[in-house]
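The values are calculated or read from the model by the stated rules, or taken from the named source; none is laboratory data. It should be emphasised that the depicted structure is a prediction, and the values quoted were computed from it without experimental measurement. Cβ coordinates were reconstructed from backbone atoms using ideal geometry, including for glycine residues, and neighbour counts include every protein chain displayed. Only protein heavy atoms, including side chains, enter the accessible area calculation; ligands, DNA and RNA are left aside. Shrake-Rupley method; radii C 1.70, N 1.55, O 1.52, S 1.80 Å.
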Amino acid sequence: MSTAIQTLETEPLPQLAPVAHLIGGERVVGRGSRPLELHSPVDGTPLGSVYPADEVIVDEAVRAAQAAFVRWQATPVKERVQPLFRFKQLVEQNIDELSHLITRENGKTPAESEAGLRKGIEVVEYATSMPQMVTGEVLEVSAGVDCYSRRYPLGVAVGITPFNFPAMVPMWMFPLAIACGNTFILKPSEQVPYTAIRLGELLAESGLPPGVFNVLQGDRSTVEALVVHPGVAAVAFVGSSAVARSVHARGTAEGKRVLALGGAKNHLVVMPDADPEITARNVVSSAMGCAGQRCMAASVLIAVGDCDPIIDRIVGVARAVRVGQDMGAIISTKARDRIVGYIERAASSRAALLVDGRSPKVPGKEAGNYVGPTVIDRVTPGEEWACDEIFGPVLSIVRVKTLEEALEIEGRSPYGNAASIYTRDGATAAHFEHRANAGMIGVNIGVPVPREPFGFGGWNASRFGVGDITGRDSISFWTKTKKVTRKWTASAARSWMS
Ligand code: NAD
């Protein structure tokens, strides 16, 4: 959650163009299976209909991407990154329009929408350095014999993305995939189809050849058709753990390269020596930002020893959040009702509901999907609030006596995306860094997203497959290497290798 105050839209907004697929540079409108109706989470206004791509349309898109691959993979990498320089500029020039589009279809605040775009731009910048990153290696392995390696793209790559970051998560994938020489089909969440198309328009304006970047709108059925299509070489997925696990299993069974990032339940450990004001603001920002719909959101706070002053301050900061202004909406009424269910059950349990977000007032947006900041204290490990990915603005507090107990609780989580500690003691922080069972660790940072070139990726049920989705690892994911051993000398052999 940004500390900058940015209100959600109050002006009537222009009609959106019909939801389209983007195949081989053409907008394809109104084709697909039974349409899904969309409403803005901000105020419930109708947005449009998504026609999920069926097997026929999936096949058309894969063929278009295969056709484009022939030229694209043969285009030198220095030329392949040129459209990305222009794309970065276009995203920056259109950042307000894009942010408002994201807000409208996803419900987060414009400041949050912009922050996601800025992180996406960082990956685009990283991808423009691809010529410097794929130079390969060479070594004289024996007298007169050289070995060298070079990277090749995989072919048609698919990116399947969740609703919560309509631009950022796709931008983790396609800039790197296409800079590596692959062609790409993005299958955004059926809940946020518009941003993907707008990104496709900007890529086309950047000079990316038709068919290198395609968009297929759709749901589960579209994913199932894509993951088994013989023309697809690689699948990157980001979404919930159950789906990530099944997409990984299905795709790898078909011989495809798959990296599937899943859900999370992130633990923040607070030591009694932590600065109350900084910690409280940071924890609330982590737990309530994007209305808690972030895979990096703080979800369980483990308070070690006497943290009452810090918890009091967390309650104060959480109560001051203005829903509909500082904090945006929940993606759907179904998701909102699910989150409210968790709060209802907490209210009638022995846990202490310190901040109750069940009925926030958001004047003028009564038909929007809102849940206010919620803080549940005295949760015990093993209870649903401590274990389930609630994916809403709900912070559960578990109280323990020692850091070892906190580490044990954190380590038992089946997930492993992020974990953070708040302390002023370096040795305590270092101990936590080494022991925490997660791929991304924060010290006095509640959303420890690594910046490029450090890759984004969790452990355990937060990631199926090998490596990170961004950073250096991503290059290994999007390419295959060829090793050449060659000898040009005609001299007599001087070793077994020669
Ligand atoms: P989701 O799993 O419901 O959907 C993700 C994608 O999979 C969508 O494109 C959707 O159309 C498709 N899909 C949904 N059900 C499917 C099924 N049964 N078979 C095949 N495809 C299916 O996730 P969501 O609700 O859109 O997003 C929220 C989830 O994403 C949370 O669990 C969150 O933690 C996770 N997430 C993880 C990361 C990360 O980096 N680890 C980042 C963002 C979001």
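Within segment 293-308, identify whether any single residue is within 16 Å of the ligand (Cβ to nearest atom), in a helix (DSSP H, G or I) and buried (at least 22 other Cβ atoms within 10 Å of the Cβ), and answer yes or no.
Taking segment 293-308 first, the residues within 16 Å of the ligand (Cβ to nearest atom) are 293-300.
From what's left, in a helix (DSSP H, G or I): none.
There is no residue in segment 293-308 that is within 16 Å of the ligand (Cβ to nearest atom), in a helix (DSSP H, G or I) and buried (at least 22 other Cβ atoms within 10 Å of the Cβ).
Just a yes or no: is a residue in segment 133-151 closer than 24 Å to Ala244 by Cα and among the aliphatic types (A, V, I, L, M)?
So the first thing to find is which residues in segment 133-151 are closer than 24 Å to Ala244 by Cα, and the list is none.
Within segment 133-151, not a single residue is closer than 24 Å to Ala244 by Cα and among the aliphatic types (A, V, I, L, M).
Looking at segment 325-341 only, could you name the residues that are more than 23 Å from the chain's Cα centre (by Cα) and either of a type in the set (Lys, Arg) or surrounded by 19 or more Cβ atoms within 10 Å (Cβ to Cβ) (or both)?
none
Quick test of your reading of the structure: Gly251 fulfils all but one of (1) closer than 26 Å to Val394 by Cα; (2) open to solvent by less than 10 Å² (accessible area, probe 1.4 Å). Name the failing condition by number.
(1)
Within segment 149-185, track down each residue that is within 15 Å of the ligand (Cβ to nearest atom) and of a type in the set (Val, Ile, Thr).
Val158, Ile160, Thr161, Val169, Ile185
Return a yes/no flag: does segment 37-50 have any residue that is part of a loop (DSSP other than H, G, I, E, B), assigned by TED's automatic domain parsing to the domain that holds Glu201 and open to solvent by 50 Å² or more (accessible area, probe 1.4 Å).
Taking segment 37-50 first, the residues part of a loop (DSSP other than H, G, I, E, B) are 40-45.
If we keep only those that are assigned by TED's automatic domain parsing to the domain that holds Glu201 as well, we get 40-45.
If we keep only those that are open to solvent by 50 Å² or more (accessible area, probe 1.4 Å) too, we end up with 43, 45.
Yes.
How many of the residues making up segment 372-398 are touching a strand residue (DSSP E or B) at 6+ places or on another chain (Cβ under 8 Å), within 23 Å of Val321 (Cβ to Cβ) and in a loop (DSSP other than H, G, I, E, B)?
8
Give Gly211, Gly207, Gly218 a once-over and let me know the one that is surrounded by fewer than 24 Cβ atoms within 10 Å (Cβ to Cβ), on the phi > 0 side of the Ramachandran plot and either assigned to a helix (DSSP H, G or I) or not aromatic (Phe, Trp, Tyr) (or both).
Values: Gly211 fails: surrounded by fewer than 24 Cβ atoms within 10 Å (Cβ to Cβ); Gly218 fails: surrounded by fewer than 24 Cβ atoms within 10 Å (Cβ to Cβ).
Only one candidate qualifies: Gly207.
Test Gly455 against the criterion of being farther than 21 Å from Ile314 by Cβ, open to solvent by 50 Å² or more (accessible area, probe 1.4 Å) and without any contact (Cβ under 8 Å) to a residue 24 or more places away in the chain, and give yes or no. Break it down into steps so the answer makes sense when it comes.
Numbers: farther than 21 Å from Ile314 by Cβ: yes; open to solvent by 50 Å² or more (accessible area, probe 1.4 Å): no; without any contact (Cβ under 8 Å) to a residue 24 or more places away in the chain: yes.
Here the answer is no, as Gly455 does not meet what is asked.
In this structure, does Val232 turn out to be buried (at least 20 other Cβ atoms within 10 Å of the Cβ) and out of contact with any Leu (no Cβ under 8 Å at 6 or more places or on another chain)?
no
Specify the residue that is farthest from the ligand (Cβ to nearest atom); the eligible residues are those in segment 257-273 that are buried (at least 24 other Cβ atoms within 10 Å of the Cβ) and outside any strand (DSSP E or B).
The qualifying residue farthest from the ligand (Cβ to nearest atom) is Lys265.
Please work out if Val321 is open to solvent by 10 Å² or more (accessible area, probe 1.4 Å) and touching a residue at least 40 places away in the same chain (Cβ under 8 Å). Show your work before the answer.
Numbers: open to solvent by 10 Å² or more (accessible area, probe 1.4 Å): yes; touching a residue at least 40 places away in the same chain (Cβ under 8 Å): yes.
Spelling it out, Val321 is indeed open to solvent by 10 Å² or more (accessible area, probe 1.4 Å) and touching a residue at least 40 places away in the same chain (Cβ under 8 Å).
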